[in-house]
Each structure stands twice: as C-alpha cells, then as structure tokens.
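What follows is calculated from the coordinates using simple rules that are stated; it is not laboratory data. Predicted model only: the values in this text are computed from it and were never measured. No Cβ is skipped: glycine too gets one built from the backbone with ideal geometry, and neighbour counts run over all protein chains shown.
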Amino acid sequence: MATLKLENIFKSFGETEVLKDISLNIDDKEFVVFVGPSGCGKTTLLRIICGLEEATSGNVFIDEEDVSNAQPVDRGISMVFQSYALYPHLSVFENIAFPLRVAKINEAELKERVDRAAEILQLTDRLDFKPGQLSGGQRQRVAIGRSIVRNPRVFLFDEPLSNLDAALRGDMRVELAKLHQNLKTTMVYVTHDQIEAMTMADKIVVLNDGVVQQFGAPMELYHHPRTKFVAGFIGHPKMNFLTTTSTVVDGSELKVNIGEETISLPVETGQTKSGDIIELGIRPEDLVLSSDNQGLSMNVEVVEHIGATAIIYGTAAGNDDFCTVLPGDTLIHPGETISLSIDPSKCHAFDSQGIALHRKQAAEVS
Ligand SMILES: Nc1ncnc2c1ncn2[C@@H]1O[C@H](COP(=O)(O)OP(=O)(O)O)[C@@H](O)[C@H]1O
Ligand SMILES: [Mg+2]
C-alpha cells in the first residue's frame with residue numbers, strides 16, 4: 001500500500017516561481033491524473049515526487065514517511081517518460097529486465113518478474129524481438145514493463161501517450177486503466193489532454209500556472225467547476241462563456257440578460273451585486289434546439305456531423321466562438337439562424353475573477 005502526500009510544495013528556477021504551494025493527499029491505489037496546459041509545472045511536480053528535482057520548500061510523504069530528502073532509488077517510485085528510450089540492441093526481455101540486472105537480482109527471480117510483466121502487458125510473444133521490430137504502442141508497453149518489474153509503491157507517468165497516434169492513444173488508455181486494475185498500485189499520470197484525464201482518472205488535479213485549480217472526481221469537476229479555468233478546460237467541446245451584467249432582484253434572485261433573454265440563475269446572491277460583470281458558462285451539450293423560436297439566437301457558420309451528434313459552431317450573444325452539440329439527425333446548415341433554449345439549472349456563473357458563484361441548494365431553486 002502507498003499513500004502519497006504533498007505538503008506546501010514550492011519550486012522556483014531562479015526568479016521564476018513554477019509551483020506555488022501545492023498540497024495534495026492521494027489515497028492508496030488511486031489513479032490520479034495531473035492535467036493542465038503545457039508549462040504549468042506538471043513535469044516539475046512529478047520530478048519532485050520521485051526525487052529527480054528538489055523542491056524549494058515543502059515536503060513529500062509516501063505512506064506517511066517524509067521522503068523529501070531520500071534518494072530517488074530509495075523512494076520506491078517508478079517513472080515512465082514520454083520518450084521511452086529503449087535500448088535498441090537489447091531484446092524486449094532484456095529491456096524489461098534492465099533495472100533487475102542493475103540491482104543484481106538472481107536469474108530465477110528476474111525471469112519470473114519479467115515473465116509476469118510481459119503477461120500483464122501482452123508482450124509474452126514479443127520477448128525475443130528488438131524494439132525496432134515493435135509498434136509504437138508495444139514499445140511504450142516495454143517501457144511500462146521496465147517499471148513494473150521493480151514493484152514500485154507508486155507509478156508516475158509523464159505524458160506517456162503523447163508520441164502515439166490518436167487511435168493507439170485510445171487503445172492505450174484502456175490498457176492503462178486495465179493495468180491499474182490489475183496492479184492495484186497508486187498511480188500518478190500527467191497529461192495536457194483533458195480527455196485522457198476524464199477517461200482514466202479516479203481523481204483529477206487541474207493545474208494552471210503552478211497552482212492547483214481543483215482536485216476531485218472527473219464528473220465532480222465537470223458538473224461543479226470551481227473556477228472558469230477548470231470549466232473551460234474540462235469538457236469537450238469547451239464550455240461557452242458569455243459576458244453579462246448581473247441584476248439582483250429583491251436581494252435574493254440573480255438575473256442576467258443574454259441576447260433578448262433574461263434568465264434567473266440558481267446561485268446564491270450574496271456574492272454579487274447589481275451591475276457586477278458575470279461570466280455565464282453554458283456547455284455546448286446543455287443547449288437544446290428551441291421548438292418555438294424562443295431563446296438564444298445563434299448564427300450558424302460550421303456544422304460537423306459526427307454521427308450520433310452534430311457539432312454546430314457560430315455566433316451567439318456577441319460570442320463568435322459559440323458552440324452547441326445537437327442530435328446527429330438535426331438538419332441545420334451554415335448561414336441559418338437557430339434558437340436555443342437555455343436551462344438555467346445547467347448554467348455556471350463566474351465572477352470577474354473567474355471564481356464560480358455558489359449554487360443554491362436544490363431545495364431553494366424554484
Ligand atoms: N530546469 C529548469 N530550469 C529553468 N526552468 C525550468 C526548468 N524546468 C522547467 N522549467 C520551467 O518551469 C515551467 C514548468 O515546466 P514543466 O514542469 O516542464 O511544465 P509542464 O510539464 O506542465 O509542461 C516552465 O516554464 C519551464 O520552462
Ligand atoms: Mg511536461
């Protein structure tokens with residue numbers, strides 16, 4: 001078993017502060033994905049966890065033991081990188097066995113551990129091959145095998161699928177999810193791809209600019225993003241944002257105007273006053289084609305038929321990057337104007353700092 005705790009981690013390179021007070025508690029056997037845009041500090045944080053980089057301040061605990069000053073080899077952590085750097089002249093078997101040879105593990109145990117890893121990763125019939133004879137996905141699995149044989153307490157993955165094509169990435173997502181179920185080991189996986197995060201994680205950490213924006217289960221982040229950044233980052237296609245002005249009515253009801261529409265938002269009003277700027281967020285999939293031409297008017301520019309759904313791009317309420325997802329058989333053409341009805345209970349509201357306004361409890365929403 002292995003829990004992983006980060007406590008007030010700060011990291012600066014010279015004058016540049018890249019991690020700002022990161023604290024996280026990761027449970028035993030959890031699959032946690034760190035997701036965020038390129039440059040937000042994901043790799044730096046992984047390197048601090050495994051000991052390849054020293055934090056400027058803060059502590060790393062594995063199973064409650066402070067390992068902040070422990071050598072990488074003594075932490076029981078294994079890291080798989082984006083560039084999997086296999087030895088081209090060695091067989092798959094020897095590539096996987098490499099860390100065990102370095103640790104001078106006896107031949108019988110070495111063979112048993114490599115065979116078991118190969119079985120889990122479906123590489124048994126490839127053990128005599130050289131890396132050059134393998135597909136990209138198989139090579140990545142060899143790199144993972146090299147980590148598995150060390151029986152680490154925690155696995156770290158740094159964007160391991162970025163070099164693979166889209167179809168293979170999809171397959172490998174499923175493989176990694178199965179691997180986690182098989183090994184039941186704590187895993188931390190870094191990616192800039194929110195779809196990888198949503199599909200694989202027990203919990204997601206959204207990082208931006210060296211700060212944890214939110215830590216929670218995928219659907220919690222989807223339904224209750226705490227910041228505009230998380231709202232825009234999680235979900236595909238991205239959430240639409242409309243800038244509007246709030247009107248607080250009778251001290252208890254918050255109304256905003258969108259195009260010709262006035263809608264009443266199910267949020268607590270104490271956080272805003274009339275005249276404040278509100279960013280209203282609506283997910284493309286939460287909009288419905290209105291049957292009576294009432295609602296938000298959208299000028300359609302591009303229609304993408306995916307099959308089950310059609311993704312419609314265009315302009316609405318001054319946002320020229322507006323998007324909606326409608327049933328696949330919907331007949332809509334570029335140049336048309338459509339009307340969309342908005343369900344206020346599906347709307348998200350953010351203040352001018354990008355902080356989500358608290359929703360009213362369900363019972364209070366009329
Ligand atoms: N060794 C280093 N020296 C100076 N700056 C660094 C170093 N490593 C990373 N950085 C900077 O820290 C920031 C975060 O980098 P990184 O952790 O690699 O981000 P990510 O993995 O999220 O793309 C970047 O601005 C990067 O340029
Ligand atoms: Mg990185």
(request) May I ask for the angle, rounded to the nearest 10°, between helix 92-102 and the longest principal axis of the chain, with both axes built from Cα atoms and the value confined to 0 to 90°? (result) 70
(request) Mind jotting down the three principal axis lengths of region 151-203 based on Cα atoms? Whole angstrom, largest first. (result) 30, 19, 18
(message) Give me a comma-separated list of calculated 3J(HN,Hα) values for region 37-52, in order, Karplus coefficients 6.51, -1.76, 1.60 applied at θ = phi - 60°, integers in Hz, x for any Gly or Pro.
(response) x, 4, x, 7, x, 5, 5, 4, 5, 4, 5, 5, 4, 8, x, 7
(request) Mind checking the full-extension length gain between residue 106 and residue 291? Use 0.36 nm per residue of separation minus the Cα-Cα distance, one decimal, nm. (result) 59.3 nm
(request) Please report, to two decimal places, log10 I(q)/I(0) for region 65-149 at q = 0.25 Å⁻¹ as given by the Debye formula with identical point scatterers on the Cα atoms and no solvent. (result) -1.24
(request) Using only the alpha-carbon atoms of region 10-121, report the extent along each of the three principal axes, biggest first, to the nearest angstrom. (result) 48, 31, 25
(message) Restricting to DSSP H runs of at least four residues, report the calculated mean residue ellipticity at 222 nm for the chain, -39500 (n - 2.57) per run over all residues, nearest 500 deg cm²/dmol.
(response) -7000 deg cm²/dmol
(request) Quick one, can you get me the convex hull of the C-alpha atoms of region 237-364 expressed as volume per residue in Å³? (result) 113
(message) Debye calculation, C-alpha points only, no solvent: report log10 I(q)/I(0) for region 83-196 at q = 0.24 Å⁻¹, in the same order as the q values.
(response) -1.55
(message) Name the residue from 3, 127, 174 whose Cα lies farthest towards the positive end of the charge dipole of the chain, charges +1 on Cβ of Lys and Arg and -1 on Cβ of Asp and Glu.
(response) 127
(request) Report the local net charge at residue 75: Lys and Arg +1, Asp and Glu -1, summed over other residues whose C-beta lies under 15 Å from its C-beta. (result) -3
(message) Sort 92-103, 10-21 by the packing proxy (mean of other Cβ within 10 Å over each peptide's residues), most packed first.
(response) 92-103, 10-21
(message) Give me the net charge for the shell around residue 152: Cβ to Cβ below 14 angstrom, other residues only, Lys and Arg +1, Asp and Glu -1.
(response) +4
(request) Measure of size requested: the Rg and Dmax of the chain, with Cα atoms as the atom set and Å as the unit; please supply both. (result) 24.6, 79
(request) For helix 136-148, report the angle its Cα long axis makes with the longest principal axis of the Cα atoms of the chain; keep it between 0 and 90° and round to the nearest 10°. (result) 60
(message) Considering the Cα positions of region 139-258, please state its Rg to one decimal place and its Dmax as a whole number of Å.
(response) 18.9, 65
(message) In the chain, if the dipole is taken from +1 on Lys/Arg beta carbons and -1 on Asp/Glu beta carbons about the Cα centre, which of 183, 247, 272 is farthest to the positive end?
(response) 183
(request) Tally the DSSP beta bridges in the chain and give the antiparallel ones as a percent, rounded to 5. (result) 75
(request) Find the relative contact order for the chain and round it to a whole percent, using C-alpha pairs within less than 8 Å whose residues are 6+ positions apart. (result) 15
(request) For region 285-353 and region 11-64, write down the distance between their C-alpha centroids in whole Å. (result) 39
(message) Placing unit charges on C-beta atoms (Lys and Arg positive, Asp and Glu negative, everything else neutral), compute the dipole magnitude of the chain about its Cα centre in debye, rounded to 20.
(response) 1240
